[in-house]
1. Taking only pairs six or more apart or across chains, which ones have beta-carbon atoms under 9 Å, a first residue in the range 105-116 that is closer than 11 Å to residue 77 by Cβ, and a second residue that is modelled with pLDDT under 60?
2. Just to be sure I understand the filter: pairs with C-beta atoms under 6 Å, separated by 6 or more residues or on different chains, first member in the range 23-36 and more than 22 Å from residue 13 (Cα to Cα), second member surrounded by 11 or more Cβ atoms within 10 Å (Cβ to Cβ) and modelled with pLDDT of 75 or more. Which pairs pass?
3. Going through 83, 94, 153, 58 one at a time, which residue ends up being buried (at least 19 other Cβ atoms within 10 Å of the Cβ), more than 19 Å from residue 40 (Cα to Cα) and modelled with pLDDT of 80 or more?
4. Checking residue 113 against (1) under 17 Å from residue 83 (Cβ atoms); (2) out of contact with any helix residue (DSSP H, G or I) (no Cβ under 7 Å at 6 or more places or on another chain); (3) modelled with pLDDT of 80 or more: exactly one of these is not met. Which one?
5. Considering the range 32-49 alone, what residues qualify as being at pLDDT 80 or above and within 20 Å of residue 93 (Cα to Cα)?
6. Anything in the range 121-141 that is at pLDDT 80 or above and under 11 Å from residue 104 (Cα atoms)? List them, or say none.
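The values are calculated or read from the model by the stated rules, or taken from the named source; none is laboratory data. Treat the numbers as computed from the prediction; the structure is a model and nothing was measured. Note that each Cβ is placed from the backbone with ideal geometry, even for glycine, and that neighbours are counted across all protein chains shown.
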């Protein structure tokens, strides 16, 4: 069975959205050139809203953010709205320190019905790659722990894997 996945990469130059196909080809490759992260999130959200069928088949989502300067530029609700269409995603990878730092706090704010309304089928979370520590630390770690706890309380337990840069594998 083929796992349908998407990769969204945010950077200084813009945002790239990829839907890989079989082999080394992409079913869709889209680049939107704009600089502020909030514009990038908004642009991708608008494009995703225009799709009629690919999103329901997506089971894996990788978010890469490479921009250390983005701090409080994005409101929590913008990330939540961005993640909302991914209702069938079973596994999500936050593939960089910046991804973790920016996405964890909006997930923390999800409580009650909202906790299962965004990423309701999420089962597995992969954290880190790009030089990320084995175990995240700081406010992002606390935010992610609260999100994981809320998911568990709502009957949606998550398996979390952390990237171990020494062994170059994900660990539990």
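1. Nothing qualifies.
2. 27/19
3. Values: 83 fails: more than 19 Å from residue 40 (Cα to Cα); 94 fails: more than 19 Å from residue 40 (Cα to Cα); 153 fails: buried (at least 19 other Cβ atoms within 10 Å of the Cβ).
Result of the check over 83, 94, 153, 58: 58.
4. That leaves (3) as the condition not met.
5. If the condition is that a residue be at pLDDT 80 or above and within 20 Å of residue 93 (Cα to Cα), then 37, 40, 41, 44, 45 are the ones that fit.
6. Within the range 121-141, the subset at pLDDT 80 or above is 121-127.
Of everything in the range 121-141, just one residue is at pLDDT 80 or above and under 11 Å from residue 104 (Cα atoms), namely 127.
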